[in-house]
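First up is the structure itself, then whatever we jot down about it.
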Amino acid sequence: MNTQKLTTVQNYALVLLRVLIGWHFLYEGIIKAYNPSWTSKGYLLSASILKPFFTWIASDSLVSVVDTLNIVGLIAVGASLLIGMKVRWGCIAGILLLLLYYLAHPPFPGLPQGPAEGSYWVVNKNLIEMVALWVIYQFPLISVFGIENLFLKKKTTTI
Amino acid sequence: MANDNNFFQKWNRRDMLKTLGGIPLFGAVWYSGASLTGSAKREKQFLLETLNIKASPPPVSGPMSGKPVRLGIIGYGIRGEQLCRALGFASTAWLKEMHESSVKNPKDTRLAEFKAQENLNIKLAAICDVFDTRAEKALESFNKGDNKIKRFRTHTELINSGEVDAIVIAAPDHWHAPMAIEALNAGVHVYVEKPMTHNVSETYILRETVLKNPTTIFAVGHQHRQTQSFLTAQDIINKKILGHVSLVETNTNRNDDNGAWQYEIADTANPKTIDWDLFLGNAPKEDFNLEHFFRWRKWWAYGSGLSGDLMTHDYDRINCILRMGIPSSVTASGGIYTHRDGRNVPDVMQVNMEYPDFSTGGSQDAGKEKGMTFIYSATLGNQFDRGTVLMGHDGSMELGNRITVYADPRSTKYADLLKEQRIEAGVPIYQYDPSVNGTDAVTSATAKYFANKGLLWTYRDGKRVDSTFLHLREWLSCIRNGGTPSCSIKEGFEEAISAHMGGLSYKLGRRIDWDPIAQRIITKPGEDLDAILLANK
Ligand SMILES: NC(=O)c1ccc[n+]([C@@H]2O[C@H](COP(=O)([O-])OP(=O)(O)OC[C@H]3O[C@@H](n4cnc5c(N)ncnc54)[C@H](O)[C@@H]3O)[C@@H](O)[C@H]2O)c1
């Protein structure tokens with residue numbers, strides 16, 4: 001995959017995109033991890049479509065598991081993209097998380113929009129971040145910036 | 001190993017950055033997230049400790065053990081049915097309707113809540129209602145199991161039958177005092193609906209009668225006294241969190257037929273099924289009139305207008321927190337602007353009550369702050385929710401089942417904290433929600449209006465409870481275990497006089513003054529206050 005020839009600037013641009021998305025995921029996870037009263041319950045219960053599913057995962061028996069998985073997921077995805085490790089796995093996990101957020105409150109016409117800082121029709125920031133992760137999946141560029149370099153380098157030097 | 005050394009030697013600064021550069025970024029994001037949440041938590045803790053508000057529910061009333069109390073209900077209309085339900089007696093029709101509704105919608109828990117209600121250990125022994133259909137409905141519904149209920153033609157027969165220990169009065173307003181006085185004199189305990197009285201002179205007679213019969217328990221039906229949040233609100237006032245309160249704003253905003261007292265007229269109603277003269281009682285003679293019978297709240301002869309019917313709820317809600325009592329003067333204005341359907345009580349009304357000597361205590365120089373105005377502002381032609389607000393020099397409190405407190409940007413008390421930006425104007429410094437996670441199903445706009453005022457339900461331990469149930473239970477506990485109800489004759493007297501001053505000011509178009517020494521409304525020569533208040537003009 002990486003054999004396609006990208007210019008240096010293109011490399012940097014894609015890496016910057018990866019780092020910023022990682023930053024965003026990590027920060028979201030940390031804020032929630034350090035706030036013991038945070039829970040996704042309200043967000044899930046106010047879901048506008050797929051109500052039975054979201055109500056089910058918001059039930060008392062499941063919601064704490066869901067909250068923990070979400071926090072661990074956010075931090076893991078953030079760390080992966082930021083540090084440059086297992087980036088493809090990070091992208092897949094990130095896309096799944098974003099898909100859930102998107103489906104809980106999709107900006108479809110006719111559905112309640114809830115509090116949002118902008119105006120959206122079908123496309124919102126969750127969807128865009130999701131697609132951006134898909135791009136990163138194609139270009140993980142860990143050799144340009146990433147701790148996995150350690151192993152790549154090692155391989156090349158030992159050859 | 002040798003290889004590894006080799007490998008690191010080959011590394012330059014650029015390689016290091018490319019490989020490990022993510023780690024300091026990772027650390028920085030983690031650290032800033034953690035320290036930000038940490039300091040936000042500490043600030044919140046600091047604020048809570050500074051304010052030191054004690055959130056506590058009203059005390060639980062005593063045990064319901066012993067011999068069953070034998071109750072009589074007078075007036076089995078809209079409110080009478082609700083009161084009986086709160087006492088544990090639901091009509092057959094209601095049970096059927098709720099059952100059907102809960103089958104259709106499993107989220108409708110009204111029937112389950114009714115069934116889970118504590119047994120108050122009473123017998124519903126007697127009913128009196130001048131409308132056959134309603135009396136029969138009660139007979140049919142409550143002659144079941146070990147409960148035997150008997151119908152009495154008049155309240156006098158019911159009270160003197162020797163078959164009841166206590167009565168609940170849910171007849172129209174003009175009947176409240178006459179029935180209560182008769183019962184108290186017969187040694188029968190009384191729970192009377194609001195407003196306590198319909199005119200000025202009977203307010204004094206009722207007070208005398210209650211004071212003369214100290215062992216007969218008297219309660220006025222202001223059920224929001226049981227609202228979970230009100231002791232918390234009292235604590236907020238006592239701790240001077242709002243500073244000197246100079247203005248209290250309360251209001252009514254309703255915009256539907258039900259909210260404007262356009263109640264349904266039953267098709268079984270006619271001169272044969274209704275004892276018209278008994279309905280009229282001391283009201284001016286009038287030919288049989290279904291509109292008057294079912295929609296009596298629209299006429300001063302039987303109802304009390306916005307000031308007596310709805311302001312009394314708001315007045316008492318504030319009086320139970322501030323204990324400000326009867327105002328030194330009242331001015332009122334308004335008119336019939338949305339429902340010009342023949343009614344003579346206003347549907348838009350503003351009442352201003354002055355308390356020049358009242359203070360909740362201030363934060364500024366002694367003597368600078370004193371005096372308060374209580375405003376009641378109502379329209380039955382719009383339902384924009386304005387909320388109830390207590391406004392102090394240091395802060396404002398929004399009051400409902402929930403409580404929200406804001407610091408005032410120009411507060412003296414919080415000046416330093418505001419300057420240090422530890423608190424922000426516009427962001428609540430305190431919020432109290434007894435329902436925590438409870439989601440409430442409210443069925444209509446008017447019901448929502450009542451619910452927000454704690455008139456339909458309140459909370460205990462985060463669970464929804466019918467406030468009327470708690471209020472009746474408190475009265476029954478006083479009957480059984482002694483004590484005085486939270487809304488008894490002192491509170492009722494203040495409620496009634498303040499409301500009548502509002503009605504009088506509206507009718508006379510001038511300020512009405514109170515003489516606190518003589519305990520009298522000041523009159524001009526030749527003025528007959530009762531005639532003015534009740535006149536159908
Ligand atoms: N606390 C509250 O939240 C609350 C709520 C609603 C009503 N209320 C009060 O309850 C009272 C009743 O209101 P309502 O809406 O039920 O009115 P309503 O007209 O529906 O019911 C009144 C009932 O009293 C009966 N009645 C009339 N005169 C009688 C008499 N002389 N003897 C026996 N029965 C008689 C009528 O036939 C009717 O069934 C009013 O004073 C009202 O202010 C209080």
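A few comments on the model shown:
- For the stretch B:52-82, the set of residues classified as of a type in the set (A, V, I, L, M), within 16 Å of the ligand (Cβ to nearest atom) and surrounded by 17 or more Cβ atoms within 10 Å (Cβ to Cβ) consists of B:L71, B:I73, B:I74, listed by residue number.
- Filtered residue count, the stretch B:258-276, keeping only those that are open to solvent by less than 30 Å² (accessible area, probe 1.4 Å), under 26 Å from B:N382 (Cβ atoms) and within 10 Å of the ligand (Cβ to nearest atom): 1
- Tabulated pairs, the stretch B:277-302, first on the phi > 0 side of the Ramachandran plot and within 11 Å of the ligand (Cβ to nearest atom), second part of a helix (DSSP H, G or I) and modelled with pLDDT of 95 or more, C-beta under 8 angstrom, 6+ apart or interchain: B:G281/B:H174; B:G281/B:W175; B:G281/B:P178
- The set of residues from the stretch B:405-427 being crowded, with 17+ Cβ neighbours inside 10 Å and either farther than 24 Å from B:E369 by Cα or at pLDDT below 90 (or both) comprises just one member, B:I423.
- If you go through the stretch B:149-194 and keep only what is over 29 Å from B:R317 (Cβ atoms), under 29 Å from the mean Cα position of the chain (by Cα) and not in a helix (DSSP H, G or I), you end up with B:V164, B:D165, B:G187.
- Number of the condition not met by B:R85 [criteria: (1) within 16 Å of the ligand (Cβ to nearest atom); (2) within 14 Å of another protein chain (Cβ to nearest Cβ); (3) charged (D, E, K, R)]: (2)
- The stretch B:303-317, residues that are of a type in the set (G, A, S), under 18 Å from B:Q350 (Cβ atoms) and within 9 Å of the ligand (Cβ to nearest atom): B:S304, B:G308
- Taking the listed residues A:T68, A:T55, A:T39, the one that is polar (S, T, N, Q), farther than 26 Å from B:G22 by Cα, open to solvent by 50 Å² or more (accessible area, probe 1.4 Å) and within 20 Å of the chain's Cα centre (by Cα) is A:T39, with no other qualifying.
- Criterion applied to A:I30, A:I49 was being at pLDDT 85 or above, β-branched (V, I, T) and buried (at least 18 other Cβ atoms within 10 Å of the Cβ), and the one residue passing it is A:I30.
- Residue match in the stretch B:28-51 (condition: buried (at least 17 other Cβ atoms within 10 Å of the Cβ), within 16 Å of the ligand (Cβ to nearest atom) and not charged (D, E, K, R)): no
- Taking the listed residues A:L69, A:L98, the one that is out of contact with any helix residue (DSSP H, G or I) (no Cβ under 6 Å at 6 or more places or on another chain) and assigned to a helix (DSSP H, G or I) is A:L69, with no other qualifying.
- Considering each residue of the stretch A:19-26 in turn, at least one proves to be within 9 Å of chain B (Cβ to nearest Cβ), among the aliphatic types (A, V, I, L, M) and assigned to a helix (DSSP H, G or I).
- No other residue among B:V69, B:V60 is closer than 30 Å to B:I479 by Cβ, among the β-branched types (V, I, T) and at pLDDT below 90 apart from B:V60.
- The lone criterion from (1) more than 24 Å from B:N270 (Cα to Cα); (2) of a type outside the set (F, W, Y); (3) within 11 Å of the ligand (Cβ to nearest atom) left unmet by B:D173 is number (1).
- In the stretch B:494-534, of all residues being without any contact (Cβ under 8 Å) to a residue 24 or more places away in the chain and part of a strand (DSSP E or B), the one that is nearest to B:A177 (Cα to Cα) corresponds to B:R520.
The values are calculated or read from the model by the stated rules, or taken from the named source; none is laboratory data. For clarity, every value in this text was computed on a predicted model and none was experimentally measured. Every residue, glycine among them, receives a Cβ derived from its backbone with ideal geometry; neighbour counts consider all protein chains shown. With ligands, DNA and RNA removed, areas are computed over all heavy atoms of the protein, side chains included. Shrake-Rupley method; radii C 1.70, N 1.55, O 1.52, S 1.80 Å.
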